[in-house]
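Following: one structure in structure tokens, then a few remarks.
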Amino acid sequence: MNESRTWDALARRYDTIVRVFAQSYPAIRERLAQDLDGRARVLEIAAGTGQFTLDIARVATRVVATDISPRMIERLSVAVDEADVENVEAETMSAYQLDAERGSFDAVFCANALHVMEHPERALREFARVLAPDGLLVAPTFLHGVDGARRALSRALSVVSPFVAHTRFSEGTLRALVERSGFMVERCEQLPGLFPIGYLVATVSVKQDQVRDRGPARPQS
Ligand SMILES: C[S@@+](CC[C@H](N)C(=O)[O-])C[C@H]1O[C@@H](n2cnc3c(N)ncnc32)[C@H](O)[C@@H]1O
């Protein structure tokens, strides 16, 4: 769990630092309230301190909020307790090895995290495994590779700040990664900000469904 150490160290300051990048968070909240409305079981991946967890809890029946960093999950749990919300469980979990049965969630929500993961494709394949056949992936993702200026800014930030983008996505490369990981992209909308966000919604592809029916219950590595 190497990735957890960096984020553990950031957890206490995260809510302050993220304000610099969070211009489009209100637009994400509006959209997720529609996309996840009425979903019975939502798995939130890389939930951090819970920037979106309570928004999901308002519209879904049950939320399992997860993150690789125990310190992030501690802070998220405090926020959930303070809000006196009863339909959220918080668990430390790696996106690469989800502790969940195949097909056990109606939606997976993963905000602003695919770009910081060292192996986003592994994570996406896990999302496809745990989603029900008619399940929905909602993955708003920072696009650090949308143009030359943003690429340069992203490279500079990775030297001077702990926010390192392992993948500098454009909308096209984000869509392509999601599609080759077992999904069909339904839509991807760019939300403006210092780095724009690709608000991506996808469904599990038929091909992936067939692979799941034959494949092992859990990835082998
Ligand atoms: C930029 S923060 C996003 C947090 C929150 N979703 C938000 O939008 O404010 C990225 C989060 O991804 C988590 N993370 C990084 N790698 C991960 C992995 N492999 N599995 C699960 N979580 C991971 C970090 O611990 C961190 O909380």
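Laid out as a table, the results:
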read-out	value
Given charges at beta-carbon only (K, R positive; D, E negative), |dipole| of the chain in Debye	800
Three-way shape call for the stretch 36-137 based on the alpha-carbon gyration tensor, with the a/c threshold at 1.5	oblate
In order through the stretch 99-116: 3J(HN,Hα) via Karplus (6.51 cos²θ - 1.76 cosθ + 1.60), integer Hz, x for Gly, Pro	8, 8, 5, 4, x, 8, 10, 8, 7, 10, 10, 9, 9, 6, 9, 4, 6, 9
Whole-number percent relative contact order across the stretch 81-163, with pairs defined as alpha carbons under 8 Å at least 6 apart	31
Charge-dipole axis of the chain as Lys and Arg at +1 and Asp and Glu at -1 on Cβ define it, positive-most pick from 18, 176, 90	176
Sorted by Cβ neighbour density within 10 Å, fewest at the top, the residues 76, 98, 194, 177	194, 177, 98, 76
Sequence-distant residues sharing a close amide H with residue 164 (under 5 Å, placed H)	none
Relative contact order computed over the chain (Cα-Cα under 8 Å; 6+ residues apart), in percent	18
Proxy reagent accessibility, fewest Cβ within 10 Å first, across 138, 185, 18	18, 185, 138
Residues 84, 147, sorted so that the one with the fewest Cβ neighbours within 10 Å comes first	84, 147
Net charge, residue 61 excluded, C-beta distance under 10 Å - Lys, Arg +1, Asp, Glu -1	+2
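Bear in mind these aren't lab numbers, they're just calculated from the coordinates by the rules spelled out. Remember, predicted model here, so these are calculated numbers, not experimental data. Virtual Cβ from ideal backbone geometry, glycine too; neighbours counted across all protein chains shown.
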